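**Student:** Dropping a structure here in C-alpha cells format, bear with me for questions.
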Amino acid sequence: MPNAKPIQRFTSFIAAFFLLFALSPSPADAESKLFIMTATTDLAALAQEIGGDRVDVESIARGYQDPHFVEAKPSFLLKLRHADLLIVVGLELEIGWLPPLINQSTNPKIQVGAPGYFDASRFARILEIPTGVVTRAEGDVHPLGNPHYWLDPDNGLRIAKGIQNKLSEMRPNDATYFAQRYDSFEQRLKQAEQKWVAQMKPYAGRKIVTYHRSWPNFSEHFGLDVVGYVEPRPGIPPSPQHTVELIGMMKRDGVKLIVVEPYFDLKTPNAIARDTGGQVVVLMPSVGGEKEITDYFKLFDYDIAKLKQAFDATR
Amino acid sequence: MKRIAVLFVLVFCSAAANARQSPSDEPKPNAAATQSSISSPEEARMQALEDQVRILAEEVALLRGELRTLRDANSTEPPSGGRVLFASSHVEPSMLPPAPAPPRSASAAPDPPLPQAAQTQTFGGATSNAKLLNPDISLIGDFIGTAGHNPVSPSPSLQLHETEVGMQAIIDPYSRADVFLSFGETGVNVEEGYITFTSLPAGLLLRVGKMRAEFGKVNTIHNHALPYIDRPLVTNNLVGGEDGIDDAGFSLSRFLPAPKNWFLQGTAQVFRGDSDDVFTASRAQDLSVVGHIRAYRDLTESTNLDLGVSYARGYNNTGANSTTYNPSDFTTNLYAADATLRWKPLRRSIYHYFMFRTELIWSARDQLSASNRFQTQHAFGMYSSADYRLNRRWTLGGRFDRSGRATDANLTDTGFSGILTYWPSEFSQIRGQYRYGHLWDVSTNGFINANEFLFQVLFVMGAHGAHPF
C-alpha cells in the first residue's frame, strides 16, 4: 500500500496487531503450568493427584470450613482472575458465594459454561436427589442432590478421570503424563479402598447419627446406616424437641455414635452423647480438615481410624 | 470508528473460540471384586456379607448403566440438563435381581445388552426441568412496623415496606443480567436492572443498565441485606435517602496493580443524573459521574480490612427552579471514605462474626441562599456501626449517626440505634431496632428528641443470588 494514507496504514497496523494477538495462543497456554482453582480442598487434592508437577492447585475453601458458607472475599478474585481452570463441587453447594466470585473475576476462561469451568458433580454418582415437591419446609435442601459426594472413593476415581480428560484436553502434550498419573492414582486408590473396606467390615450395618447430611456416600460405601441427624432439617440448628426425639430413638435402637463435622458446635451432640451413653466423633469431610490430612487417601485413613476407635469404645 | 469495530469483532471472535467445551467422561469400569467373601458361621457376618453382595450388585448395575451411557452418547460430557432424571439415581436393592451373578473381572468381553433397570443410573445431579432456561427468581418481603414518636420523619405504623422481586440469569457466554423490581406502598420501581459483561478483554468488567452507584458501602446494599432496618441518617441527609444514588448508566471497573496481598479495584460510572433528590438532570447533558476505589486485604485467615474512597458529582435541583441562574452552575459534589473490619473464624463461621464499619461523607452543594445569593453548603455526615453474631441465630448490633443537612450544614442531626436480629433459618429474619434521634424540626425551629422502636420481618422465596461481599 504505497499510496495509503497514514490513518489507513495506522488502522491496518492496529488490526494486524489485534489479529496476531487473537490468533496466537498466549504464551501461558503453551509452556507454563496450568493454574487450577478449586472450590474445596478435596477437588484440589484430586486435581493435584492427576496434574502432578504440571499444575499449581489452590482451593478457595479450607478443609475445616463449612463449604456452604464461604465468604466471597475479594482476595479470592486475585487468584481466580489468573486461573486456567476452576473446579467446582456443583449441585448448588457453592450457590451462596461462588457466583459473585466468578462474575467479578473478569476471567473469561472460568465463566460458567466456558472450557475452564469444570463441575465435578457431573462425573460423580449423586445420592438423595429429591423427588416430588421440593420446598424449604425441608430446610436448606439441595434440589439437585446431596453435594457431599466426594466422600465415596469410587466418586473420587470418577472425578479424577474427568479431571484427567480435562487436563489432557487443555495440555495435549502432557496427556500421557496425566494418563500415567491417573493409572497410578487408580491403582493406589483401589488398594487403599480394599484396606478401608476391610477395616470397616466388622462394623458393617452399624447405625449412626450424623449432624448434617454430609455422609450418605461415605456411609453407603462403607456399609454404615445413618438413622438420624442432629439437625432437625438440613441447615436448621438443633431444636430441643428434635433432640429429645433423637435421644429416644437412639436409646431404643441402641445407636451410640454421633458423627459431627468440624465446623459445628459440639454442645448439642455432647449432650446427646451424655444422655445416650454414646460418643461424639468429629470426622473430617474434607482434605485439610486437620494438618495431617494432606491428601485424598489420608482423608479416609483419618476418618476410618476415628470411626474404628469410636466403634470399639462404644461396643 | 473503524478501529472500534475491529476491536469488537476481535473480542467476539476470541470469546466465541472459547465457547465450546468437550471434555470426556470415561469412568473406568470398576473392578468390582473389592472384597473376597469368607464364609463365617456368625449371623452378623452373614448379614454383613449379604449387604456387601447387594452393594456389589448395585455397582454392577451402575457400571452397566455407565457403559450404556458411554455407548449412547457421542459427545461424552452430559450437557447440563440434557440428561434429566426425576427419580433418585440411587438404585434400590429391590430393583435388582435377588441373586446377582458374581461380578466378572474387568478384562471380560463387552457386556451384553443391558437390562432396563440399569438405565436409570446416570451421573451428575438432576436438573429441574421446569426451570430450564428460566432465570433464578426470588422474592423478598420486607415488613416493617414502627412505634414511637418522630415528627421529623414519621413512618407508617405497619407497612409491607418493600417486596423485591429478583430475576437473575446468565444471558449468553459473555454476559449475565440481574434485575430487581421493588414493589413498595406507592408503586413499582426498578431498583436495579443491568447486564454485566464478564468476558471483556483487559480485565474490564462492564455493567449497563440501572444500578445502585458504587458510592461508599451502604449505597450499594439492598434494604434487605443491611444490618439495620432503616438507613443511616447520613444517607437520608446527604445521599438521597433510601434509594440513594440509583440511576441508569454505565459502570466500568477493573483490578488495579497493587502491592502483594492487596486487592485494589477502580470503578468509574456515568449516569443520566437523576437520583432522587441528590442529583437532578434538567438538561440531557447534565450527567452525573461516580468514581470509587476499593482496597482490600486479608489480615489473617479470619480477619480482613476493606477500605474505600468515593467521589460523585452531578447537578442538583436548585437551578431548575430559577430564571436568573443557569442550571449548569449548581452542582453537588460528594466525597466519601469508608472502612470495614470483619472477623469471622472459619471453623465457627456459622456461629460467630464481627463487623465494624464506618463511612464519612462530605457534601458540597451549590444553591441559593435565603437572600437569593449563590452559595455552596459544605455538610459532613458519618455513621459507625458494629455487629456481633452471638450464636447461630442471634446477632447484636449498634450504630451511631451524625450528619449535617445538605441544604443547611449548620443543622446537625444525631442519633444512635441498638439492633437485635434473630434468624429462624437462612431464609427468614426477624429484627428489632431501637432508634434515638436528636433531630432538627423545621416546623418548630428547634431540635426534638425522637424515640422509636422498629420491628421487621423479612422472608425470602426462591433462589436469591448471593450478594457481593
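The values are calculated or read from the model by the stated rules, or taken from the named source; none is laboratory data. As the structure is a prediction and not an experimental result, all values here were calculated from the model. Heads up, the Cβs are rebuilt from the backbone with ideal geometry, glycines too, and the neighbour counts pull from every protein chain shown.
**Student:** Among the residues that make up region B:289-305, is at least one of them of a type in the set (Lys, Arg), touching a residue at least 24 places away in the same chain (Cβ under 8 Å), part of a loop (DSSP other than H, G, I, E, B) and within 30 Å of A:Gly63 (Cβ to Cβ)? Explain how you work it out, then say what you get.
**Tutor:** Looking only at region B:289-305, we keep the residues that are of a type in the set (Lys, Arg), and these are B:294, B:297.
Filter once more, keeping what is touching a residue at least 24 places away in the same chain (Cβ under 8 Å): B:294, B:297.
Now drop any that are not part of a loop (DSSP other than H, G, I, E, B), which leaves none.
Within region B:289-305 (the criterion being of a type in the set (Lys, Arg), touching a residue at least 24 places away in the same chain (Cβ under 8 Å), part of a loop (DSSP other than H, G, I, E, B) and within 30 Å of A:Gly63 (Cβ to Cβ)), the answer is no, since none of the residues qualifies.
**Student:** Is it true that B:Asn333 is polar (S, T, N, Q) and without any contact (Cβ under 8 Å) to a residue 40 or more places away in the chain? It would help to see each step written out before you state the result.
**Tutor:** Details: polar (S, T, N, Q): yes; without any contact (Cβ under 8 Å) to a residue 40 or more places away in the chain: yes.
When the stated conditions are applied, B:Asn333 passes them.
**Student:** Of all residues in region A:147-177, count the ones that are closer than 16 Å to B:Glu59 by Cβ and not in a helix (DSSP H, G or I).
**Tutor:** 1
**Student:** If you don't mind, there's one more thing I want to ask. From the list A:Tyr182, A:Tyr149, A:Tyr211, A:Tyr177, which residue is under 20 Å from the mean Cα position of the chain (by Cα), more than 26 Å from A:Leu307 (Cβ to Cβ) and of a type in the set (Ser, Thr, Tyr)?
**Tutor:** A:Tyr182
**Student:** How about region A:189-239: which of its residues are in contact (Cβ under 8 Å) with a residue 60 or more places away in the chain, among the hydroxyl-bearing types (Ser, Thr, Tyr) and farther than 21 Å from B:Glu50 by Cβ?
**Tutor:** A:Ser214, the sole residue that qualifies.
**Student:** Select from region B:142-189 the residues that are in contact with a helix residue (DSSP H, G or I) (Cβ under 9 Å, 6 or more places away or on another chain), small (Gly, Ala, Ser) and crowded, with 19+ Cβ neighbours inside 10 Å and list them in ascending order.
**Tutor:** Scanning region B:142-189 gives a single hit, B:Ser182.
**Student:** Just one of the numbered conditions (1) modelled with pLDDT of 95 or more; (2) within 30 Å of B:Asn134 (Cα to Cα); (3) touching a helix residue (DSSP H, G or I) at 6+ places or on another chain (Cβ under 9 Å) is not true of B:Thr414; which one?
**Tutor:** Result: B:Thr414 fails condition (2) only.
**Student:** If a residue has to be within 12 Å of another protein chain (Cβ to nearest Cβ) and assigned to a helix (DSSP H, G or I) to count, how many in region A:42-79 make the cut?
**Tutor:** 6
**Student:** Further question: Scan (1) touching a Lys or Arg at 6+ places or on another chain (Cβ under 8 Å); (2) within 20 Å of A:Ala120 (Cβ to Cβ); (3) more than 10 Å from chain B (Cβ to nearest Cβ); (4) not aliphatic (A, V, I, L, M) for the single condition A:Tyr177 breaks and write down its number.
**Tutor:** All conditions are met except number (2).
**Student:** Can A:Asp183 be described as out of contact with any Leu (no Cβ under 7 Å at 6 or more places or on another chain) and within 8 Å of chain B (Cβ to nearest Cβ)?
**Tutor:** no
**Student:** Among the residues of region B:345-372, how many are within 14 Å of chain A (Cβ to nearest Cβ) and either in a loop (DSSP other than H, G, I, E, B) or free of Cβ contacts under 8 Å to residues at least 24 places away in the same chain (or both)? Even if it seems obvious, please write down each step before you answer.
**Tutor:** The initial filter retains those residues of region B:345-372 that are within 14 Å of chain A (Cβ to nearest Cβ), namely B:345-355.
Right, trim to either in a loop (DSSP other than H, G, I, E, B) or free of Cβ contacts under 8 Å to residues at least 24 places away in the same chain (or both) and you get B:345, B:347-352.
Total meeting the criteria: 7.
**Student:** Consider A:Val134 against the criteria (1) more than 7 Å from every other protein chain (Cβ to nearest Cβ); (2) closer than 29 Å to B:Thr300 by Cα; (3) in a loop (DSSP other than H, G, I, E, B): it satisfies all of them except one. Which criterion is unmet?
**Tutor:** A:Val134 satisfies all of (1) more than 7 Å from every other protein chain (Cβ to nearest Cβ); (2) closer than 29 Å to B:Thr300 by Cα; (3) in a loop (DSSP other than H, G, I, E, B) except (2).
**Student:** Related question: Checking the condition modelled with pLDDT under 95, surrounded by 12 or more Cβ atoms within 10 Å (Cβ to Cβ) and either assigned to a helix (DSSP H, G or I) or assigned by TED's automatic domain parsing to the domain that holds A:Glu186 (or both), which residue from A:Phe13, A:Phe35, A:Phe21 passes?
**Tutor:** Step by step, each of A:Phe13, A:Phe35, A:Phe21 is checked, and only A:Phe21 is modelled with pLDDT under 95, surrounded by 12 or more Cβ atoms within 10 Å (Cβ to Cβ) and either assigned to a helix (DSSP H, G or I) or assigned by TED's automatic domain parsing to the domain that holds A:Glu186 (or both).
**Student:** Kindly provide the set of residues from region A:244-260 that are surrounded by 14 or more Cβ atoms within 10 Å (Cβ to Cβ) and either of a type in the set (A, V, I, L, M, F, W, C) or at pLDDT 95 or above (or both), ordered by number.
**Tutor:** Matches in region A:244-260: A:Leu246, A:Ile247, A:Met249, A:Met250, A:Val255, A:Leu257, A:Ile258, A:Val259, A:Val260.
**Student:** Turning to a different aspect of this structure: Tell me which of these B:Asp286 doesn't satisfy, since it passes every other one: (1) assigned to a strand (DSSP E or B); (2) over 22 Å from the mean Cα position of the chain (by Cα).
**Tutor:** (1)
**Student:** Determine whether B:Ser199 is farther than 24 Å from B:Val270 by Cβ, touching a residue at least 60 places away in the same chain (Cβ under 8 Å) and not in a strand (DSSP E or B).
**Tutor:** So B:Ser199 fails the test.
**Student:** Next question, about the same structure. Restricting attention to region A:80-93, which residues are of a type in the set (Asp, Glu) and at the interface with chain B (Cβ under 9 Å from one of its Cβ atoms)?
**Tutor:** Scanning region A:80-93 gives a single hit, A:Glu92.
**Student:** Please work out which one of (1) surrounded by fewer than 16 Cβ atoms within 10 Å (Cβ to Cβ); (2) away from chain B (no Cβ under 11 Å) is the condition A:Pro202 fails and give its number.
**Tutor:** (2)
**Student:** Taking into account only those residues within region B:293-305 that are closer than 17 Å to B:Ser349 by Cβ and surrounded by 14 or more Cβ atoms within 10 Å (Cβ to Cβ), which is nearest to the other protein chains (Cβ to nearest Cβ)?
**Tutor:** For region B:293-305, the residue satisfying everything is B:Asp298.
**Student:** Taking the conditions exactly as written (touching a helix residue (DSSP H, G or I) at 6+ places or on another chain (Cβ under 7 Å) and assigned by TED's automatic domain parsing to the domain that holds B:Thr395), does B:Gly203 satisfy them or not?
**Tutor:** Taking the combined requirement at face value, the residue does not satisfy it.
**Student:** I need a count of the residues in region A:117-127 that are more than 7 Å from every other protein chain (Cβ to nearest Cβ) and crowded, with 22+ Cβ neighbours inside 10 Å.
**Tutor:** 2
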